[in-house]
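K.L.:
Questions regarding the structure given below will be posed in turn.
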Amino acid sequence: MDDPDDRAAELAREQAYFDTAAIHRERRRDALGDSARAGAHASAAAQLRQHAQAAADALGAAGTAVAFGRINNDGGESLYIGRHLIRDDDAEVLVVNWQSPAAAPYFEASHADPAGLVLRRAFTCDGNVIQHFTDVRFAELADALADDHPSPVDQALLNELGRGRTGSMRDIVATIQAAQYDVIRAPQEQLLIIEGGPGTGKTAVALHRVSYLLFQHRERMTPEQVLVVGPHPTFIRYLAEVLPGLGDDGVAMRTLAQLGPPVRIDRAEPPAVSRIKGDPRLAQVLKRALAARIGQPEPAERLLINGRFHTLPGATVAEAVAASNAADLPYAAQRQQLRARLTQLVTELGADPAAGREPLDNLLERLWPAQSAAGLLRDLFGSRRRLEIAADELTDDERGLLYRRGADRVSAESWSLADLPLLDEAEQLINGPPQQYAHIVVDEAQDLSPMQLRSVARRSATGSMTVVGDLAQATGGWAQQSWEAVAEHLPNTHPMQVTPLRYGYRVPRQAYRFAARLLPVAAPGVVAPEVVRDGPADYAIHRVELARRAATVAAVATARADDGQFVGVVCPPRCRREVAEALSAAGAQWASGAEGELGRAINLIDPYEAKGLEFDAVVVVEPEQIVAGDAHGHRLLYVALTRTTRYLDVVSVGEPLPLGMPAGTDPTGTVQPAEPPTFSAREARQLAGHLAERLRSAAPPAAWPQVLELLGDELNAAESSPPAELNSPGD
Ligand SMILES: Nc1ncnc2c1ncn2[C@@H]1O[C@H](COP(=O)(O)OP(=O)(O)OP(=O)(O)O)[C@@H](O)[C@H]1O
């Protein structure tokens, strides 16, 4: 349809259809409002209102596009496809919702197999007003195919990928690709692993899969029974709009730090300590630590009740303890059982158990002390003796890493991210499993330690999970090497299925070519994605002197933002303060990713926070320090370089692509949470306390002066090391 007049007439016809569908949608909304008011009494009216609200939500918001696509099949039938189902007054379908089987050919049709279609039309709308449409005519395609290599993307997708980004992820429903659609509608009863390079749409696909499954299983699964787990708050906020936009409100979205009891996370610790805390052997250690809290009765337990001593034979009490121990219950419920048995024994002796409450409580507390997860962990880590009893499979060095001086009060204890899955494990041992979900999505799963995976697994009611990740982006102490190793700590109720996504939609060819040079070093076995499009410009390297680094970052970022781009500055912790100051000095409107929001034109984030995010323009600061900051630093740099949808700038004193440099040489680099922009007196005290603890546990007092002197030398050497030699721009 190349003739502009024909096109305009067709657009008018389509708009008339959209207008009619919108009228019916609003009529239905009005009817739902009337029925909600029709309840004969208060509770019936409340029920009707609830039902009407759910039905109104399923209509989509007023003023939004009724459809995003249309298909014509070879039988001459046409079908409009939207986010929500719309019927006319005679219950005839005007627009079918995208999850319905009737919509499948829209997503399935490809060059190789048109799935019975002759036309697929994609609409671009402003509200419910069609701006333009793009057509794929499959017969013409088949001709083109005969003599040419097909492009894996059509114009509608290219238009969508080229749109500017904001701090919120958009749904991709209008342009889901055939391979993605297969993953989205894969059966629920499996441990599905979606793997693929950066920007292949893993996260987007996993979220659409949730919406699809919720529709298919709407009789037995509600949004509240689905959990999505992501690495950090910025990521969760970035995703938060996608499912509600698809009509699925109420899905639980949590960071890893939100799995487990609510505690303050402000403990920084060396990578080796985080690493041992992620070790699956810790599950047994905690179990034994809890069992070690259970006491032994005296040969005779004498209880003073109402002025008289009553004696419980030690053997009888020991039997009661053993019976509780044998019960298949969590610790707190076993304790309740023991209390009931002791009360019964006292009653059998003729004593009034109500009057004997205090001595009974004392006995119970001695035999089976009340425990909290935080208390158990604080006591375990704060006692070498307890560690020795509970953790005999660990080496002395490993126990030394776990040891720390506990705070005086449990509530004053400070915790690290790596402590959380341990607290969660302890919570399960003490109080039983947490809330469970019918389906769980876990993103960036390549970074999870076994203990974190266990934490996710215990929330699964059925073993049905969608696990999302990329081994080439695995960093941190527990960077996973294979999906089999990940699955070892997840439920095995259902078979595991690894499904790769092949095409890279986010990163433009120019930027990816640069980032991909890291792959042979970062993840030699991993297949690079096939990038589908070009960006507007080549990447740019800015080699600068140290004194100019921060100002250059600020200048580049501001120029991109002034050009209307949504900018991410990916900056290693060591450069963060100087860059933050330079951005402020340049008068830039910038936000800190550490605060969980991508709210401004320029967003300053550390390389870990960058995981899963994307920006129109990315400025990567000092790659050498990114590589130095993690044992898998080349992968961390790969993550940083693959966040862009358009422009990539690298600002550095050192090598922009330090392929030959060893990773993880900066031991402060992996400290989590990320280094804050300023360092307060409280933080200084905490760090001093932490260093003192490490010193105390690692060396005898006589050696401390020597260690401190050497530490001073090390710090001075690091400060005064000259910047790497400047050389010409790379690639
Ligand atoms: N079919 C599609 N239609 C439109 N946009 C798409 C499609 N597939 C992916 N995208 C876009 O590509 C970008 C990358 O998607 P997503 O964040 O899901 O990738 P990812 O594989 O999870 O990346 P990473 O490994 O870096 O976290 C997003 O902007 C997403 O909207």
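K.L.:
Checking Val95 against (1) in contact with a helix residue (DSSP H, G or I) (Cβ under 7 Å, 6 or more places away or on another chain); (2) at pLDDT below 90, which single condition isn't satisfied?
P.N.:
Result: Val95 fails condition (2) only.
K.L.:
Restricted to segment 410-458, and to residues that are within 16 Å of the ligand (Cβ to nearest atom) and in a helix (DSSP H, G or I), which residue is surrounded by the most Cβ atoms within 10 Å (Cβ to Cβ)?
P.N.:
So the first thing to find is which residues in segment 410-458 are within 16 Å of the ligand (Cβ to nearest atom), and the list is 441-448.
Of the ones still in play, those that are also in a helix (DSSP H, G or I) are 445-447.
Working: Ala445: 29, Gln446: 26, Asp447: 22.
It comes out as Ala445.
K.L.:
Only one of (1) modelled with pLDDT of 75 or more; (2) within 24 Å of Phe138 (Cβ to Cβ) fails for Asp2. Which number is that?
P.N.:
Checking Asp2 against (1) modelled with pLDDT of 75 or more; (2) within 24 Å of Phe138 (Cβ to Cβ), the one that fails is (1).
K.L.:
Looking at segment 196-233, which of its residues are among the hydroxyl-bearing types (Ser, Thr, Tyr), over 20 Å from Ala104 (Cα atoms) and within 16 Å of the ligand (Cβ to nearest atom)?
P.N.:
Thr200, Thr203
K.L.:
So, one more: Within segment 179-202, how many residues turn out to be closer than 18 Å to Leu641 by Cα and in a loop (DSSP other than H, G, I, E, B)? Step through it out loud before you land on a result.
P.N.:
Initially, segment 179-202 is screened for residues closer than 18 Å to Leu641 by Cα, giving 196-202.
Those still in the list that are in a loop (DSSP other than H, G, I, E, B) too: 197-201.
Count: 5.
K.L.:
With respect to the numbered conditions (1) touching a strand residue (DSSP E or B) at 6+ places or on another chain (Cβ under 8 Å); (2) of a type in the set (Ser, Thr, Tyr); (3) within 30 Å of Glu693 (Cα to Cα), which one is the sole condition not fulfilled by Thr203?
P.N.:
In the conditions (1) touching a strand residue (DSSP E or B) at 6+ places or on another chain (Cβ under 8 Å); (2) of a type in the set (Ser, Thr, Tyr); (3) within 30 Å of Glu693 (Cα to Cα), Thr203 misses (3) alone.
K.L.:
Out of segment 505-520, which residues are more than 12 Å from the ligand (Cβ to nearest atom), in contact with a Lys or Arg (Cβ under 9 Å, 6 or more places away or on another chain) and farther than 13 Å from Leu641 by Cβ?
P.N.:
Hit for segment 505-520 is Arg509, nothing else.
K.L.:
Count, please, the residues in segment 159-180 that happen to be surrounded by fewer than 22 Cβ atoms within 10 Å (Cβ to Cβ), more than 7 Å from the ligand (Cβ to nearest atom) and closer than 14 Å to Val205 by Cβ.
P.N.:
Number satisfying all stated conditions: 3.
K.L.:
Within segment 385-409, which residues are of a type outside the set (D, E, K, R) and outside any loop (DSSP other than H, G, I, E, B)? Quick ask: steps written out before the conclusion?
P.N.:
So the first thing to find is which residues in segment 385-409 are of a type outside the set (D, E, K, R), and the list is 387, 389-391, 394-395, 400-403, 406-407.
Of everything in segment 385-409, those that are of a type outside the set (D, E, K, R) and outside any loop (DSSP other than H, G, I, E, B) turn out to be Leu387, Ile389, Ala390, Gly400, Leu401, Leu402.
K.L.:
Can you tell me which residue is farthest from Pro353 (Cα to Cα) among those in segment 300-337 that are out of contact with any helix residue (DSSP H, G or I) (no Cβ under 8 Å at 6 or more places or on another chain) and assigned to a loop (DSSP other than H, G, I, E, B)?
P.N.:
Asp328
K.L.:
Would you confirm whether any residue within segment 478-498 is under 26 Å from Gly568 (Cα atoms) and buried (at least 24 other Cβ atoms within 10 Å of the Cβ)?
P.N.:
To start, the set of residues in segment 478-498 that are under 26 Å from Gly568 (Cα atoms) comprises 479.
Restricting the remaining residues to those that are buried (at least 24 other Cβ atoms within 10 Å of the Cβ) gives none.
Checking segment 478-498: not a single residue is under 26 Å from Gly568 (Cα atoms) and buried (at least 24 other Cβ atoms within 10 Å of the Cβ).
K.L.:
Which members of segment 577-614 meet the condition of being away from the ligand (no atom under 16 Å from the Cβ), at negative phi, touching a residue at least 60 places away in the same chain (Cβ under 8 Å) and touching a Ser or Thr at 6+ places or on another chain (Cβ under 9 Å)?
P.N.:
Selection gives Arg577, Ala580, Ala594, Glu597.
K.L.:
A further question on this structure: Residues of segment 699-721 being in a helix (DSSP H, G or I), modelled with pLDDT under 75 and small (Gly, Ala, Ser), which ones? Step through it out loud before you land on a result.
P.N.:
Step one: filter segment 699-721 for residues in a helix (DSSP H, G or I), giving 701-720.
Still in the running and modelled with pLDDT under 75: 712-720.
Within segment 699-721, Gly712, Ala717, Ala718, Ser720 meet the criteria.
The values are calculated or read from the model by the stated rules, or taken from the named source; none is laboratory data. Keep in mind it's a predicted model, so treat the numbers as computed, not measured. Reconstructed Cβ throughout: ideal geometry from the backbone, glycine too, with neighbour counts over all protein chains shown.
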